[in-house]
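The values are calculated or read from the model by the stated rules, or taken from the named source; none is laboratory data. Only a predicted model underlies this, so the values are computations on that prediction, with no experimental measurement involved. We place every Cβ from the backbone using ideal geometry, glycine too, and count neighbours over all the protein chains shown.
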Amino acid sequence: MKNTIKVERAKKNWTQADLAKHIGISRQGLNSIETGKFVPSTLLALRMAKVFNTTVEALFQLDDSGM
Amino acid sequence: MKCLLIFVVIKQLYVMERSKKTLNQQSIISALIYGATYLPATWLLKHQVFSQPVSIIIIIVPVIAFAIFIFKYIKAFSAMDEVKQRVQFEAVVIGFSLTAMLMMILFLLGLCGISNSFWFGYGLVVSYCWFFYFIGWLISRRKYGA
């Protein structure tokens with residue numbers, strides 16, 4: 001699963017800690033999601049999309065392998 | 001009005017963060033209390049001779065401390081974010097699986113008459129269980145980088 005969290009974060013000029021605070025998770029947790037080590041729940045993905053004012057589909061995309 | 005709203009949201013986030021930290025601290029403190037009651041209870045029961053009712057009271061104290069720890073741990077678990085929940089879940093699964101495997105091996109070795117109660121007594125199996133939990137925790141932390 002690929003994501004554009006880093007790009008969206010850069011647009012807002014937010015650090016990982018800023019975004020983590022906005023969506024109510026730890027900075028380390030957000031780092032795991034951003035680096036693709038952890039796939040977030042639907043709720044968290046929706047919350048993230050809401051703070052970036054975008055859609056979940058725009059934020060998260062399937063890999064070429066479909067994973 | 002907008003400033004007030006931002007202030008309320010920030011305050012709410014601060015309170016939530018603080019209560020999460022408090023729950024985490026409470027579970028760690030209750031684990032330490034459990035350790036502080038379990039080790040002296042083990043020592044007392046091993047090295048001193050008490051009447052049966054007194055022995056049972058000594059046994060009950062760490063059991064109650066452990067029950068409180070489990071209660072606090074579950075409460076802290078429900079307040080964790082989902083990445084931390086996954087780390088804890090995997091740590092518990094790895095710890096439980098390895099302990100179950102060790103107990104199965106000890107049982108089978110016991111059937112053959114090959115067993116060493118000094119290294120693999122009930123007391124030490126509890127310690128191995130904690131050891132396996134921490135192995136699982138380290139593996140999972142490394143996996144998720146959390």
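Annotations for the structure displayed:
- Note on segment B:60-93: among residues that are hydrophobic (A, V, I, L, M, F, W, C), part of a helix (DSSP H, G or I) and touching a residue at least 60 places away in the same chain (Cβ under 8 Å), the one that is surrounded by the fewest Cβ atoms within 10 Å (Cβ to Cβ) is B:Ala79.
- Within segment A:6-59, the set of residues being of a type in the set (Val, Ile, Thr) and either in contact (Cβ under 8 Å) with a residue 24 or more places away in the chain or more than 10 Å from chain B (Cβ to nearest Cβ) (or both) comprises A:Val7, A:Thr15, A:Ile23, A:Ile33, A:Val39, A:Thr42, A:Val51, A:Thr54, A:Thr55, A:Val56.
- Yes/no for B:Glu90 being under 15 Å from the mean Cα position of the chain (by Cα), within 14 Å of another protein chain (Cβ to nearest Cβ) and of a type in the set (Asp, Glu): yes
- Residue check for B:Ser115: surrounded by 13 or more Cβ atoms within 10 Å (Cβ to Cβ) and not assigned by TED's automatic domain parsing to the domain that holds B:Thr42: yes
Here is a yes/no grid of residues against (1) assigned to a helix (DSSP H, G or I); (2) under 29 Å from B:Ala41 (Cα atoms); (3) more than 14 Å from every other protein chain (Cβ to nearest Cβ):
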site: B:Met104; (1), (2), (3): yes, yes, yes
site: B:Phe120; (1), (2), (3): no, yes, yes
site: B:Ser127; (1), (2), (3): yes, yes, yes
site: B:Phe132; (1), (2), (3): yes, yes, yes
site: B:Gly136; (1), (2), (3): yes, yes, yes
site: B:Ser140; (1), (2), (3): yes, no, no
